[in-house]
Amino acid sequence: MSTGTRDTVLLEALDSRLRGLVRERIRAGDRVALLGEAPELARALEAAGCAVLGVPAAGERVTRLRAFAPTHVVLPVEQGEPLLQVREASEAAPGAELLLAMRNAGASAALLETLLGLAPGRPGASAEAVLRGLSSLGLEVRHQESIACQDSTAELAPDTARALRRLLAQLSPTAEADGVLLVLGRAASRAPAREPGLLSIVLWAGDSPAASLDETLFSLACQEYRPLELLVVLPPGASLTETEARALLERHRRLRDFSSQLIRAPEGGMARGVREARGQYLSFLDASCVVYPAHYVQLIQQLREGSAAWAFARSRWTLVRESAGGRFITEKKPFPLGDHFEFSHLLEHPALLYGLVVDRFRVGALPLEVVDPVASPRADLPVRLASLFEPVFTAGLATWEWRALGPESAALPAPALEVLLPLASLEERVARAQARGESSKGLRYQAIDRLNQRLRDRFPGTHARVRSLVSRVLR
C-alpha cells in the first residue's frame, strides 16, 4: 500500500469512526455544534431529537458558539492545528464536550517511513503533543481510541521494524497509533507544577489489613528524607474504610509532619496518584512494605551525585505469619543478590517497583503511570525504565522490606520490550561477565592441576593419558 493511499484510508477511517462516536455519545435534547461539513451526520442528529448548529464561518465562529451554548462540539478531521481548534472551541463553549479525530504525526510507522526515505514527514501535530497541551487548557481526556493502518516499511526485516516500533512506543505510548480519537471535557483541576526536591510516594492500600498499613505509615513517618508527600490509593472493596485510613494518616502525621491525600477511584487510582503527585522525585509503595529510615535519603543522594534518571535499592522478602498472639516474622531473604544491576533482577523480582525512586526532571515526558494491582498482575515500569535509562543500584544492606502473608509469588510475565542502553553500560556488563568467567575458569584449572599432580605422583604410567583427557576438558 502506497503512503498516499494509506493516508487516504486513514482519514476515511477516522472520519467514519468519529461519526460513529458522536452517535454513541449524543442523546435526544443535546445541542451539537458541527465545525466541519457533515450533512448526513447533521440529518441523523436532528432525526434523533438534537439541536444542530451547522458549520459557522470562521470570523463568527466564537460568537455563534457562545450564542448556541452547545453540549457537544465536533471538530473536523484534518483542519488546522488540533490544539488551536480545541482552544477556540473550549473558550467559546466552556461547558461543552469536545470530540475530535486526528492523524498522529508522531506515529511510529510514519516516522520510520520518513527515516527510510519512503515518505515525507507527516504534517500536523503528534498525539503526544496534543495530550500534553490539554492540561494547559484546563481539559482532560474522557475517552480515547487509537486507529492503526498497515505500514509500508517492507524494506525493513519484519523483526527489525517491529523492534523499532516497540522502542518508539516506549518513548511515547501513542506512537503505535496512526490516528487518535479523543473526547475532551473540562478538568476538575489542572495538573500540579513539579516541586523541586519534594518526594511523592503513591501508596496502594487495596487489600492489606489495617495492621499492615499501620506499619507502612509508621516507617514513612520515621523517614529521614523531607519534604515528603503521600498519596494513598484506596480502591473500592479495600480491606479498610476511608475513615480508618484517615485516622491512621492523622495518627502518624503527629510523629513527623508530611502532607497526604486520600485517592478514591473506581479504577486507575495509581495513575491518578501519579498525575496529582507534585514532587520532583516519585516512588511507589504497597501497604505490605516497610522502608528503613535512610532508604529515600540514600536513593535521592545517589541521584543527586550522578546523572541517572532513577535508582533502586536492595530489599528483603519477609514472610509474616498471623496467629492469635499477633504477627510474627518467620523468614527473611534479600533480593536481588549481587553488587551490580542486572536486567534480570527486574524480571525475577517485580516487587522491586516498590523500592525505586524516579527523578521526573530527568525522564522528561516519559509516562510513569502504573496500573492498579487488581487490574493487571504486571508491574512493568522498572523494566520500561531500565530499557531506556541505566539505573543506580544501591548495593549493600537492604533498606526496605516486602512483607508477605503467604508464600513468595512467582515471577510475573515479562513485558515484550526493546532495550536501549549506552555502549558504556554494555561494555561494563560484558567486563563483569568475563571477570566471572575467568574466575570460574581459574578455579577449574586449579582443581584439575591438583588432580594431575596427585595422579603423576601415585601413578606415573598413566600420566600421559590423563594429560590428554585434561586437554580435551579444558577446550
Right, A105: under 21 Å from G133 (Cβ atoms), without any contact (Cβ under 8 Å) to a residue 60 or more places away in the chain and in contact with a helix residue (DSSP H, G or I) (Cβ under 6 Å, 6 or more places away or on another chain) or not? no
Which count do you get for residues in the stretch 228-242 that are assigned to a strand (DSSP E or B) and of a type in the set (A, V, I, L, M)? 5
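Just checking, which of E369, E322, E331 is part of a strand (DSSP E or B), out of contact with any strand residue (DSSP E or B) (no Cβ under 6 Å at 6 or more places or on another chain) and modelled with pLDDT under 80?
Checking each option against the conditions leaves just E322.
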Take the residues of the stretch 1-24 that are surrounded by 15 or more Cβ atoms within 10 Å (Cβ to Cβ) and basic (K, R): which is farthest from C149 (Cα to Cα)? R19
Please determine whether any residue of the stretch 57-73 is surrounded by 21 or more Cβ atoms within 10 Å (Cβ to Cβ) and closer than 30 Å to C149 by Cα. yes
Taking the stretch 103-132 on its own, how many of its residues are in a helix (DSSP H, G or I), buried (at least 21 other Cβ atoms within 10 Å of the Cβ) and either among the polar types (S, T, N, Q) or not assigned by TED's automatic domain parsing to the domain that holds P76 (or both)? 1
Would you be able to say whether some residue in the stretch 171-191 is of a type in the set (D, E, K, R) and either in contact with a Pro (Cβ under 9 Å, 6 or more places away or on another chain) or modelled with pLDDT under 80 (or both)? yes
Name the residues in the stretch 52-95 that are more than 21 Å from G138 (Cα to Cα) and in a strand (DSSP E or B), would you? V52, L53
Kindly indicate whether V32 is surrounded by 16 or more Cβ atoms within 10 Å (Cβ to Cβ) and either out of contact with any Cys (no Cβ under 6 Å at 6 or more places or on another chain) or among the small types (G, A, S) (or both). no
Within the stretch 372-420, take every residue that is of a type in the set (S, T, N, Q) and closer than 22 Å to Q223 by Cβ and give me the one that is modelled with the lowest pLDDT. T394
Mind telling me which of the residues L53, L100, L18, L83 ends up being touching a strand residue (DSSP E or B) at 6+ places or on another chain (Cβ under 6 Å), closer than 25 Å to L168 by Cα and assigned by TED's automatic domain parsing to the domain that holds L181? L100
Subset of the stretch 281-319, residues within 23 Å of P209 (Cα to Cα) and polar (S, T, N, Q), comes to S283, S288, S315, T318
Report, by residue number, each residue of the stretch 230-259 that is crowded, with 19+ Cβ neighbours inside 10 Å, free of Cβ contacts under 8 Å to residues at least 60 places away in the same chain and not aliphatic (A, V, I, L, M). H252, F258
Which pairs turn up if I take residues in the stretch 77-95 that are at pLDDT 90 or above and look for partners that are surrounded by 14 or more Cβ atoms within 10 Å (Cβ to Cβ) and among the polar types (S, T, N, Q) with beta carbon separation below 9 Å, at least 6 apart in sequence or on another chain? A93/T71
Go through (1) touching a residue at least 12 places away in the same chain (Cβ under 8 Å); (2) on the phi < 0 side of the Ramachandran plot and name the single condition E60 misses. (1)
Scan the stretch 260-280 for residues that are in contact with a strand residue (DSSP E or B) (Cβ under 8 Å, 6 or more places away or on another chain) and free of Cβ contacts under 8 Å to residues at least 40 places away in the same chain and report the count. 6
Of the conditions (1) of a type outside the set (D, E); (2) in a helix (DSSP H, G or I); (3) within 26 Å of L299 (Cβ to Cβ), Y225 satisfies every one except a single condition; which number is it? (2)
Would you check if there is a residue in the stretch 37-51 being of a type outside the set (V, I, T), within 20 Å of R132 (Cβ to Cβ) and modelled with pLDDT under 90? no
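Looking at E267, E305, E276, which is the one that is of a type in the set (D, E) and more than 21 Å from the chain's Cα centre (by Cα)? Break it down into steps so the answer makes sense when it comes.
Working: E267 fails: more than 21 Å from the chain's Cα centre (by Cα); E276 fails: more than 21 Å from the chain's Cα centre (by Cα).
Checking each option against the conditions leaves just E305.
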Quick one: how many residues across the stretch 211-239 are in contact with a helix residue (DSSP H, G or I) (Cβ under 9 Å, 6 or more places away or on another chain), among the small types (G, A, S) and modelled with pLDDT of 80 or more? 2
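The values are calculated or read from the model by the stated rules, or taken from the named source; none is laboratory data. Predicted model, so just to flag it, every value in this text is computed and none were measured. Quick reminder, even Gly has a Cβ in these numbers, built from the backbone with ideal geometry, and neighbours come from all protein chains shown.
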